[in-house]
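See structure below.
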Amino acid sequence: MINETEIKLYLGDADINSFIDMCYEHYPMLIKSNSFQRDEYYDTLGMQLQSSDFVVRIRLKNNIKMVALKSPRIYLSEFVHKRIELEFQVNDGDDSINKQIEEQNLIPIAIIEKRRTTLKGDNFVIEVDEVPFLGNFVEIESSDVDVVNKICSVLCINELKKVKENYGELLDIKLVELGLPLRPYLEATFFKEKEYYK
């Protein structure tokens, strides 16, 4: 979506499959897809982009490379925000994006993996994420804030913990608690999580 309006909620110990089944009970026409995503975030060494809430990300999604540029968030309520998001696919072997990133003195500052189930409706998307070190979340996106609020009501999830921060910001907090490296060496992968807890 070029204009992304979304809310993020923490699912906690809720079973992901049961939650997805509940979504289908209310919205039987949803189109489901699963993906494994590995996101690399770029910034200056002084974290100037993060301080302005601007995002430069390269995502590997099921072996497809996507580049995203996200504007700062504008909050429509305490937890619902919108932002401009430009995303495009990069062809295999095309290293022009990496060259442009290097020319802007941007370096990789975080790697974050997730397993995502995407449920697409007519004018909204429900995404259920499993994120290393953080757990399970649901994001509801639409171009219309009223649609986002209605889905939260229909799914009876307004009582779930609403999350204002993005995954990188949540990991900044969690990895401090765990004594693990932060940006520019933040690495939240399923392998790292498994190694930490074994």
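We did not get these values from a lab; they are worked out from the coordinates using the rules stated. Note that the structure is predicted; figures quoted are calculated from it, not measured. Every residue, glycine among them, receives a Cβ derived from its backbone with ideal geometry; neighbour counts consider all protein chains shown.
Assorted remarks:
- Two-site label geometry, Ile31 and Asp15: point separation in nm, points 7 Å out along Cα→Cβ: 2.9 nm
- Here the Gaussian network model covers the chain, with springs between Cα atoms less than 10 Å apart; of Gly46, Gly168, Gly12, Gly46 fluctuates the most.
- Rg followed by Dmax, in Å, when segment 66-192 is reduced to its Cα trace: 16.7, 47
- With both labels modelled 7 Å from their Cα along Cα-to-Cβ, the Ser143 to Glu177 distance reads 3.8 nm.
- Ordering of 184-193, 83-92 by packing [mean C-beta count within 10 Å, highest first]: 184-193, 83-92
- Fully extending the segment from Leu76 to Met47 would add 7.9 nm, taking 0.36 nm per residue of separation and subtracting the current Cα-Cα distance.
- The chain: angle of helix 167-178 to the longest principal axis, Cα-based, in degrees nearest 10: 80 degrees
- Panel values: segment 22-127, Kirkwood radius from alpha carbon pairs, Stokes-Einstein at 4 °C and 1.567 mPa s, translational diffusion coefficient 82 µm²/s.
- Loop-located GluC sites (Glu not before Pro) across segment 96-174 with a Cβ neighbour count of 10 or fewer within 10 Å are Glu159, with loop assigned by DSSP.
- Helix 16-26 axis, angle to the chain major axis (alpha carbon atoms, nearest 10°): 50 degrees
- R0 of 30 Å, Cβ-Cβ distance Gln104-Tyr196: FRET efficiency to nearest 0.05: 0.35
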